[in-house]
Amino acid sequence: AEQAEGLLATFNALLRIARVESGAYRSAFATLDLSQIIADICELYQVAAEEHSIRFTNDIATGIRVFGDRELLAQAITNLLDNAIKYSPDAGRINVSLATQEHNAIVTVSDNGPGIPASERERVFERFARLDQARSKSGNGLGLALVKAVTEQHGGQLQLADNIPGLVVRLILPVRAAN
């Protein structure tokens, strides 16, 4: 039964990625308060982080608005935070920030886990990509593929960088109102 649930979850994630990539959600796009969405998510993850003795901090600029789908953006950010918690050591550190730079909203999630080697940073966006250090963790290798698909449908970019130690993920979205 557990294996069947895992297969179903994987199938649903693949279906969701395909729907996002096809632009199926674009009709639901609206002007959203990204600051509030991220603040709400951080409130939930504060508890999960504390359960793992992880120091969770955030610095969220208020009033940042984007044009997009609330559910998809929330899913992308929760995927990033799930990964940060999953790969951070006990007593680790995670920081989430939201700021604007020029005409972009920049969501940054940083941790002090094992990070992702520079040579693997493009590959982790592929479906089912699993790095060696991830093989002992639960998951289907679709989390970052979904984050990338959501980011691209919102006209944004996804960047990975070294946090020495750990990973910094930047989700860059255009700040705009509905056209």
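Please state which of the following conditions residue 149 fails to meet, knowing it meets all the rest: (1) at pLDDT 90 or above; (2) open to solvent by 20 Å² or more (accessible area, probe 1.4 Å).
If we test residue 149 against (1) at pLDDT 90 or above; (2) open to solvent by 20 Å² or more (accessible area, probe 1.4 Å), just (2) comes out false.
Do we have residue 65 as touching a Ser or Thr at 6+ places or on another chain (Cβ under 9 Å) and under 24 Å from residue 149 (Cβ atoms) here?
It is true that residue 65 is touching a Ser or Thr at 6+ places or on another chain (Cβ under 9 Å) and under 24 Å from residue 149 (Cβ atoms).
Being within 18 Å of residue 170 (Cβ to Cβ), of a type in the set (D, E, K, R) and touching a Ser or Thr at 6+ places or on another chain (Cβ under 7 Å) is true for just one of 82, 59, 90. Which residue is that? Show your work before the answer.
Values: 82 fails: touching a Ser or Thr at 6+ places or on another chain (Cβ under 7 Å); 90 fails: within 18 Å of residue 170 (Cβ to Cβ).
Matching residue, one of 82, 59, 90: 59.
May I ask you to say which residue of 88, 110 is in contact with an Asp or Glu (Cβ under 8 Å, 6 or more places away or on another chain) and either surrounded by 16 or more Cβ atoms within 10 Å (Cβ to Cβ) or at pLDDT 90 or above (or both)? Before you say what the answer is, go through the steps one by one.
Details: 110 fails: in contact with an Asp or Glu (Cβ under 8 Å, 6 or more places away or on another chain).
Answer to the selection: 88.
Out of the range 91-102, which residues are modelled with pLDDT of 95 or more, closer than 18 Å to residue 51 by Cβ and open to solvent by less than 10 Å² (accessible area, probe 1.4 Å)?
Passing the criteria: 94, 96.
If only one of 122, 126, 71 is farther than 15 Å from residue 163 by Cβ, modelled with pLDDT under 95, within 14 Å of the chain's Cα centre (by Cα) and not basic (Lys, Arg), which one is it?
Details: 122 fails: within 14 Å of the chain's Cα centre (by Cα); 126 fails: within 14 Å of the chain's Cα centre (by Cα).
Answer to the selection: 71.
Give me the pairs: first residue in the range 22-46 and free of Cβ contacts under 8 Å to residues at least 24 places away in the same chain, second residue open to solvent by 30 Å² or more (accessible area, probe 1.4 Å) and among the polar types (S, T, N, Q), beta-carbon distance under 8 Å, and six or more apart or on different chains, which are they?
Close Cβ pairs satisfying both conditions: 39/58.
Looking only at the range 5-46, count every residue that is of a type in the set (A, V, I, L, M, F, W, C) and at pLDDT 75 or above and tell me the total. Even if it seems obvious, please write down each step before you answer.
Here is the first cut: in the range 5-46, the residues of a type in the set (A, V, I, L, M, F, W, C) are 7-9, 11, 13-15, 17-18, 20, 24, 28-30, 32, 34, 37-39, 41-42, 44.
Okay, now just the ones that are also at pLDDT 75 or above, so 8, 18, 20, 24, 28-30, 32, 34, 37-39, 41-42, 44.
Selection size over the range 5-46: 15.
Going by the structure shown, is residue 137 open to solvent by 50 Å² or more (accessible area, probe 1.4 Å) and either in a strand (DSSP E or B) or modelled with pLDDT of 90 or more (or both)?
Details: open to solvent by 50 Å² or more (accessible area, probe 1.4 Å): yes; either in a strand (DSSP E or B) or modelled with pLDDT of 90 or more (or both): no.
Judged against the criteria, residue 137 is not a match.
The values are calculated or read from the model by the stated rules, or taken from the named source; none is laboratory data. Here the structure is a predicted model, which means the values were calculated and not measured. FYI the Cβ positions are ideal-geometry reconstructions off the backbone, even for glycines, and counts take in every protein chain you see. What goes into the accessible areas is simple: the full protein's heavy atoms, side chains included, and nothing from ligands, DNA or RNA. Shrake-Rupley method; radii C 1.70, N 1.55, O 1.52, S 1.80 Å.
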